[in-house]
Amino acid sequence: MAEGGEREELFSPPPVSPAKRLCPWPSPQAHHPRGSPGAAGGGVGGVGSSCLAPGARLHLQPESLLDCAAKTVAEKWAYERVEERFERIPEPVQRRIVYWSFPRNEREICMYSSFQYRGGPGAGSSGGAVGVSPAEEGPPPAPGSAPPAGSVPGVVAAGASPGLGTGAGPVGSGSGGEGLPFRRGIRLLDSGSVENVLQVGFHLSGTVTEPATASEPAVTYKVAISFDRCKITSVTCGCGNKDIFYCAHVVALSLYRIRKPDQVKLRLPISETLFQMNRDQLQKFIQYLITAHHTEVLPTAQKLADEILSSNSEINQVNGAPDPTAGASIDDENCWHLDEEQVKEQVKLFLSQGGYYGSGKQLNSMFAKVREMLRMRDSNGARMLTLITEQFMADPRLTLWRQQGTSMTDKCRQLWDELGALWVCIILNPHCKLEEKSCWLQQLQKWSDLDVCPLEDGNYGNELPNITNALPQNANHSADSLSRPRRTVFTRAIEGRELHWQDSHLQRIISSDIYTAPACQRENERLLFNSHGQPLWLEHVPTACARVDALRSHGYPKEALRLTVAIINTLRLQQQRQLEIYKHQKKELLQRGTTTITNLEGWVGHPLDPIGCLFLTLTEACRLNDDGYMEVSDINESRLPVYQHVPVAAGYSESYLSLALEVALMGMGQQRVMPEGLYAQDKVCRNEEQLLSQLQELQLDDELVQTLRKQCILLLEGGPFSGLGEVIHRESVPMHTFAKYLFSALLPHDPDLSYKLALRAMRLPVLENSASAGDNSHPHHMVSVVPSRYPRWFTLGHLESQQCELASTMLTAAKGDTLRLRTILEAIQKHIHSSSLIFKLAQDAFKIATPTDSSTDSTLLNVALELGLQVMRMTLSTLNWRRREMVRWLVTCATEVDHLKAAEEEGELVSAGQVQIPNGNVGRPGSGPGWPLLSSGSP
C-alpha cells in the first residue's frame with residue numbers, strides 16, 4: 001500500500017524529522033539563469049491562473065498544461081527524481097511543482113486532526129468512499145493493481161468545511177465538535193490569527209495566535225510544516241502538543257495554505273537561492289544569520305566551520321549539503337506524519353483503563369480511524385493498526401488472565417474481535433503488493449504463536465471451518481476440544497494468505513454492472529450463473545463477505561456492491577435448492593419430529609460478521625446525503641438515517657434497499673447450532689440485536705413489505721434449513737428476538753402471517769425435548785436447565801426472557817380476539833417452562849386487560865387467570881414467599897374476573913328490565929350475585 005509505487009516498510013518506524021536530503025551543486029553550464037527569488041511573483045500563484053485553491057476555479061476556465069503536468073508530477077514524483085531526470089528545470093516549472101506539492105484536500109487535514117471526522121454516510125467503521133467531487137473522481141483502479149499515489153476518494157472545495165461526526169473525540173475535547181482541533185483550527189483561521197505565512201520549497205511556516213481569554217493573555221506559537229507529494233511529512237508547533245493528531249495551530253496554518261494560497265509568499269528551496277549568491281553575498285548571509293540567532297546557532301556554526309576547514313572531515317567527503325526545504329529523496333517513504341510514540345502511549349493508556357466506558361469508546365474510535373485511513377488508501381492505516389496491535393499484545397492483563405485461568409471482559413473481547421477483523425481487511429487489500437502481504441503475515445504469525453494471544457472463541461475450542469473451506473453439513477460435531485487446532489483472533493487473517501483477486505470470473509463481477517452469462521455457455525460456466533443469467537460467486541459465505549468488507553474498506557464501494565449482489569443471488573439459489581431437498585424429505589422428517597441437519601457455522605455472531613457487512617454495504621448505497629449531515633452535532637444527539645430506493649444495475653428489477661432487507665432476513669433466519677462458550681453465545685445475541693436495530697431504521701414501504709412477506713413465507717417453508725421451519729435441530733439457536741421484530745413489522749400488513757410466524761418461533765427445543773416422554777403427571781412442570789450431556793447454554797436465561805417478550809407482544813396485539821388469545825395461551829403453556837416468566841406474563845396480561853382509562857377486557861383477563869393457575873400447578877412443591885405472592889395476586893385476578901362476570905350478568909338483567917341495582921353497588925367486589933368467598937391463603 002505504499003504510495004508512489006515505492007515500498008513501505010510497515011514494521012519499521014519511518015523518519016518523522018523534516019526531510020533533509022543532500023542537494024549537490026549544479027554546474028553553471030547546466031543550470032538555468034536566475035532572477036531574483038520573487039521575480040515570477042511574490043505569491044504562491046506566481047505563474048499561470050491557478051493562484052486559487054484547487055477546485056475554486058475548476059468551472060471558470062480550464063487549467064493550463066503546465067498546471068496539469070505539475071499537479072501530476074507533484075503528486076507522484078519525489079522532487080529529487082525530477083532534478084535527476086532533467087538537467088535544466090525552468091524556474092516557473094519548479095514553482096508550479098512546489099505549489100502543487102502541498103495537500104489539496106481539507107478532508108485529509110481533518111482526518112489527521114480528530115477522531116470525529118464524518119465525511120458522509122458510512123464514513124465510520126464500515127463506510128465506503130463518499131462525497132466524491134465529480135471533478136476529482138476517476139474510475140478506481142482494478143483490484144490487484146496499485147492505486148494512484150495519494151489518491152483520495154473525496155475532495156472538499158476551498159472554503160468548505162468537512163463535517164465532524166459524533167464519535168469519541170480526543171482526550172480533553174468538549175462534549176460536542178467545537179473542542180476538536182480541526183474545528184478550533186477553523187475558528188483560528190476565520191479570526192485572522194494566522195500570520196507571517198511563508199513557503200520555502202517544501203517547507204511551510206507561520207505564526208498562529210491564540211486569542212486572549214479572561215484568565216490568560218494571547219499567546220503566539222510558531223508552526224512549521226514539511227510536506228512532500230501532497231502529504232504532510234512532519235509538523236512542529238511551539239504549543240508542545242502531545243497527542244496522536246495535529247493540534248489546532250497546525251490545522252489553522254494548513255487550511256490557510258489551502259484556502260488562501262494567493263496570500264502565501266512562495267520561494268524556491270533555499271539551496272536554489274544560495275546558488276545564485278556570490279562569495280560576498282554568501283558570507284554576508286551567514287554572518288547576518290548568526291547574528292540574528294547567535295545564542296542558538298553559534299556553537300553549531302563554529303563546529304561546522306571547523307569541519308569544513310578540515311580536509312579529512314566526514315562533511316568534506318560528501319558532495320553537496322542537506323536542505324530541509326528541498327523535499328524528500330527518492331528513497332524516503334511517502335506517507336503522512338503520524339506520531340508513533342503518541343499512538344503507543346495513547347493505546348497503552350486506554351488499555352490500562354480497561355474498566356472504564358470511555359477507554360473502550362476511545363479505542364473503538366481509533367479502530368474507526370484505521371478504517372478511514374484504509375478507505376483513503378493511506379499507508380498509515382496499516383501502520384497505525386500495527387502499533388495498536390503491539391500494545392494490545394503487550395497488555396499485562398493477558399498474562400494475568402492466562403495464569404488465573406479467567407476469561408477477559410466482554411468489552412475487551414469485542415475490541416480484540418474488531419482488531420482481528422481489521423487485519424482480515426488488511427490482508428485482503430485488493431491492491432497490496434506481495435512483499436507487503438508477506439511482511440504482515442509474518443508479523444501476524446509471530447503474534448498468533450504467543451501463548452498470551454487470545455483465542456477466537458475465548459477459552460473454548462472451535463469447530464468452525466477455516467476461512468478458505470466450504471461449509472460442511474455434519475451433525476457429528478462433538479469432537480474433543482483438545483484435539484482441535486488452536487485458533488487465535490489472528491487465525492482468519494493468516495488464512496487469508498490463500499485468497500487472491502486474480503480469478504477471471506471474480507474480476508468480471510466487480511468490474512461491470514452488465515456482466516451476464518454468455519449466449520453459449522461452456523460446461524464449467526453453468527455453475528457461475530443463475531437461471532436469469534446473473535453471475536454467482538460460489539465461495540464460503542463469510543469469506544466472500546470478507547472480500548466485500550475489504551473492497552468497501554479500501555475505497556471500492558461500487559465493486560463491493562457488485563460482489564454483494566452476486567453473493568445474494570448465490571444465497572437465493574442455495575435457499576431454493578434447500579426447499580427442494582426438504583420437499584423430498586418432508587414426510588419422513590415430520591414423522592420423526594426431529595432433524596440432524598444444522599449449520600455448524602452461523603452467520604449471526606460470526607467473527608467476520610458476514611450479514612452485517614452485506615447489509616451495511618447495501619444500505620450505504622441508499623443513504624440520503626442531507627446537507628445537515630456534514631455538520632457538527634451534539635455528541636448525545638441521535639438522528640435516524642434516511643434511505644431511498646436505489647435501483648440495482650441493468651437486468652434487475654429491485655433496489656439495493658430491498659436486497660439489504662432480504663439478506664438480513666435470510667441471515668437471521670438461518671437455522672444454526674448454538675456455539676459453545678459464554679462469549680460466543682453472548683456474541684450471537686448481541687449481533688442479532690445489532691442487526692435488528694439497523695432493520696428498525698428502515699421505513700417499510702410497499703416494496704419492502706413485499707420483500708418481508710415473501711422472505712417470511714420462505715422461512716416458514718424452509719424446513720430444517722430455516723430457524724422458523726417445521727422441524728429444527730434440538731440445539732438450534734431460538735428465533736424469539738427475530739420473530740418479535742417480524743411480528744411487529746408484519747402485523748399491520750398481514751396479521752395471519754405474523755401470528756403464524758410468531759407462534760412457530762415460540763419453540764425452545766433444547767428444553768422441550770429434555771422432558772421424559774412417559775411423564776405426563778405434570779406436563780408443564782419442567783426445570784429450566786439443559787442436561788449435562790449437552791454443551792451448556794450460558795445465555796439460556798436471556799433466551800427465555802426473549803421468549804417471554806415475544807409472548808407478551810402477541811398478547812398485547814391480540815387483546816379482544818378470543819380465538820387468537822386462546823392459541824397464544826396454548827403456545828405459552830406448551831413452550832414456556834419457567835414459572836416466574838409465566839407469572840410475569842400473567843401480570844402483564846392483567847395490566848393490559850385492566851387499564852385505568854378504559855373498560856376492562858374480559859378475554860385477556862381470563863388469559864391472565866389461566867396463566868396464574870398454570871403457575872400454581874407448576875409450584876405445588878414450592879413453599880416460599882414467591883408462591884405466597886403468586887397466591888395473593890391470583891386472588892386479586894380471580895376477584896376481578898368474577899366481578900366482571902357479575903357486572904356483565906347484572907347488565908344483561910338490567911337491560912331486560914328484570915332487576916334494579918341500587919346506587920353504589922356496581923363496581924364493588926362482593927356486591928354482585930354469586931360472589932365467591934376467597935380466602936387469602938393457599939388454595
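The values are calculated or read from the model by the stated rules, or taken from the named source; none is laboratory data. Worth saying up front: this structure is predicted, and the values here are computed from it rather than measured. As a convention, Cβ positions derive from the backbone with ideal geometry for all residues, glycine included, and neighbour counts pool all protein chains shown. Please note that ligands, DNA and RNA were not included when accessible areas were found on the heavy atoms of the full protein model with its side chains. Shrake-Rupley method; radii C 1.70, N 1.55, O 1.52, S 1.80 Å.
Label-to-label distance for T295 and K361 is 4.6 nm, based on points extended 7 Å past Cα in the beta-carbon direction. Of the residues D857, D752, D331, ranked by 1.4 Å probe accessible area with the largest first, the sequence reads D331, D752, D857. Charge tally for V223 (other residues, Cβ to Cβ under 13 Å; Lys, Arg +1; Asp, Glu -1): 0.
Charge tally around F839: other residues with Cβ under 14 Å, Lys/Arg +1 each, Asp/Glu -1 each, net +3. Among the GluC sites (Glu not before Pro) in the range 670-700, those placed in a DSSP loop whose Cβ has at most 13 other Cβ atoms within 10 Å are E697. Computed over neighbours whose Cβ is under 9 Å from that of P542, the net charge equals -1, Lys and Arg +1, Asp and Glu -1.
Computed over the range 268-367, the quotient of the alpha carbon radius of gyration and 2.2 N^0.38 Å is 1.81.
For E314, the solvent-accessible surface with a 1.4 Å probe is about 150 Å², rounded to the nearest 10.
Measure up K437/K683; K71/K260; K231/K558; K558/K710 against 23 Å on the Cα-Cα distance and list the ones that go over.
Details: K437/K683 30 Å; K71/K260 18 Å; K231/K558 26 Å; K558/K710 27 Å.
Pairs exceeding 23 Å: K437/K683; K231/K558; K558/K710.
Of the trypsin sites (Lys or Arg not before Pro) in the range 808-858, the ones in a loop by DSSP (not H, G, I, E or B) with at most 16 other beta carbons within 10 Å are K815. The listed residues E896, E340, E106, once ranked by accessible area (1.4 Å probe) with the largest placed first, stand as E896, E340, E106. Were the residues from E87 through R882 laid out at 0.36 nm apart, the gain over their Cα-Cα distance would be 276.7 nm. A DSSP coil position with no more than 14 other Cβ atoms inside 10 Å describes the following trypsin sites (Lys or Arg not before Pro) in the range 514-604: R522. Partners of K361 within straight-line reach, counting lysines whose Cα lies under 17 Å from its Cα and excluding those fewer than 8 residues away in the same chain: K344, K348, K369, K411.
Given a 1.4 Å probe and the protein chains as shown, S311 ends up with an accessible area of around 90 Å². Note on the range 325-410: Kirkwood hydrodynamic radius from all Cα pairs is 14.8 Å, rounded to one decimal. By the Stokes-Einstein formula, at 1.567 mPa s and 4 °C, the range 639-775 with its Kirkwood radius over alpha-carbon pairs has D equal to 80 µm²/s. The calculated FRET efficiency for the pair T72 and R397, based on their C-beta separation and a Förster distance of 60 Å, comes to about 0.75.
Dividing the C-alpha radius of gyration of the range 533-608 by 2.2 N^0.38 Å, with N its residue count, gives 1.42. With all projection directions averaged, the alpha carbon convex hull of the range 697-760 covers 4.3 nm².
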